[in-house]
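In what follows, a single structure is set out as structure tokens and then discussed.
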Amino acid sequence: MYIYLVPSPLPDALAAYPHLTLRAEGQVLLAIETTDRLLHIESDEQVAAYEAFDDAGSWTGGGFAVLNNIPVTEDGRADFEERFKNRARKVEDEPGFVGIRVLRPLKGDTYVVLTLWQTEENFKGWQQSQAYNHAHRNRSTSEGLTAQKPTMFPRPSFVTTYTIE
């Protein structure tokens, strides 16, 4: 499965693909999920292209999207992906959860953990839940990747949020 984040407006070549419209403070992105690799648009510098290596839930039905953007060095990719493949999977049981896609970049070094929620309040509830604490329990400990392999993260991660139209 492939995910493409394309600035609005949607190019004619992509009009046939179903997409989500993501809006945040003056920015509109169109998110396309497809089983086809769209080589003809990957070379466009404005298009972010990913392959989902882990996913659960639905792509539709949400009203709020969270993208956790995590830069990872080439040497750190295998460890990072292994950690996510063995994640706690607690988020899937949270009220208002719609879907998750863990995305490997097809260009660049920034992975994305994309979660879809019914509402922003559902996402905030997840952040304050025991399940969230369990899923992130090793983050700041000696067992966490940041402590074990600090050089695998060349820059700090960052979160972007969008309403889904």
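The values are calculated or read from the model by the stated rules, or taken from the named source; none is laboratory data. No experiment lies behind these values; they were computed from the predicted model shown. Note: ideal-geometry Cβ built from the backbone for every residue, glycine included; neighbour counts use all protein chains shown. Protein only, heavy atoms only, side chains kept; ligands, DNA and RNA dropped before computing areas. Shrake-Rupley method; radii C 1.70, N 1.55, O 1.52, S 1.80 Å.
Rolling a 1.4 Å probe over the protein chains gives Met1 an accessible area of about 70 Å².
Using Cα-Cα distances under 8 Å and only pairs 6 or more residues apart, what relative contact order does the chain have, in percent? Write out the running numbers ahead of the final one.
On the way: 311 pairs, mean separation 47.0, N = 165.
Relative contact order here is 28 percent.
Spin-label model, Met1 to Phe158: label points 7 Å out along the Cα-to-beta-carbon direction sit 2.7 nm apart.
One Cα centroid belongs to region 112-130, the other to region 7-71; the line between them spans 19 Å. Here the spin labels are modelled as points 7 Å beyond Cα on the Cα-Cβ line, and at Tyr132 and Glu92 they lie 2.1 nm apart.
Using the Cβ atoms and a cut-off under 15 Å, what net charge is assigned to the surroundings of Gly99, where Lys and Arg are +1 and Asp and Glu are -1?
Numbers: positive: Arg87, Arg89, Lys90, Arg101; negative: Glu33, Asp54, Asp55, Glu92, Asp93, Glu94.
Taking every Cβ under 15 Å from that of Gly99, the sum is -2.
Dividing the alpha-carbon radius of gyration of region 1-135 by the rule-of-thumb value 2.2 N^0.38 Å gives 1.06. Ordered by 1.4 Å accessible area with all protein chains kept, Glu82, Glu120 run largest first as Glu82, Glu120.
Accessible surface for Arg89 stands near 90 Å², nearest 10, in the context of the full protein assembly shown (1.4 Å probe).
Go ahead and run the numbers for FRET between Gln27 and Asp55, Cβ-Cβ distance against an R0 of 25 Å, rounding to 0.05.
Values: r = 24 Å, r/R0 = 0.97.
Efficiency computed from Cβ-Cβ geometry: 0.55.
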